[in-house]
Amino acid sequence: MRQWIQSWPVIRQITGDDPLGRGKAVRSAATESTAPRTAQADSVTRSICPYCAVGCGQKVFVKDGQVTQIEGDPDSPISRGRLCPKGSASKQLVTSPSRVTKVLYRRPYGTEWEELGLGTAMDMIADRVLATRAQTWQQQDESGLTLRRTLGFASLGGATLDNEENYLMKKLYTALGAVQIENQARI
């Protein structure tokens, strides 16, 4: 009976060398047998959180080709190992069973989604962008002023794009002649 009472964390804390209960006094056999999810990882990859334009560093732990944990990267000069609640939950982006992993397309006036190959979808987008550009191109205005633009499409970059991606988006859409180019990275 005495040994059983001695196994209680409070008794170990009071009678042992850990009076504040911050060390071995409060550790049970079950606690000692546990290991962090990151200990079994086959590899660790550094990444950037996709949720906003801050660019917090992340460490992605992988075992058997599956993401097992995502944590803040203490070596990141941006976040120094910290993540907001959204960044802390970003593992769900890649492991959620409801994650869409195929290209879905609904034809005009259609009621059902159909799967398309990525190459087919990219070709469709490129064809439509070029067709819209050709149909809405304005070389000059009615006064003869050179415009070289299109108002047929615009770009709205999301808040998850970093500065480099927004720079490339701006270059692409400017080269295509678009003038309505905006992003949420500044918000």
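Details
- Residue in segment 50-63 that is of a type in the set (Ser, Thr, Tyr), in contact (Cβ under 8 Å) with a residue 12 or more places away in the chain, closer than 20 Å to SER88 by Cα and exposed (fewer than 11 other Cβ atoms within 10 Å of the Cβ) present: no
- Number of positions in segment 134-144 that are surrounded by 14 or more Cβ atoms within 10 Å (Cβ to Cβ) and part of a loop (DSSP other than H, G, I, E, B): 0
- Residue in segment 107-114 that is surrounded by 10 or more Cβ atoms within 10 Å (Cβ to Cβ) and assigned to a strand (DSSP E or B) present: yes
- Residue satisfying condition, being of a type in the set (Gly, Ala, Ser), part of a helix (DSSP H, G or I) and closer than 28 Å to GLU164 by Cα, within set GLY55, GLY87: GLY87
- From the options VAL129, VAL100, residue that is assigned to a helix (DSSP H, G or I) and not acidic (Asp, Glu): VAL129
- Residue match in segment 106-118 (condition: in the same structural domain as GLN66 (by TED's automatic domain parsing) and basic (Lys, Arg)): no
The values are calculated or read from the model by the stated rules, or taken from the named source; none is laboratory data. Since the structure is predicted, the reported quantities are computational estimates derived from the model, not experimental observations. Here Cβ is always computed from backbone atoms with ideal geometry, including for glycine, and neighbour counts include all displayed protein chains.
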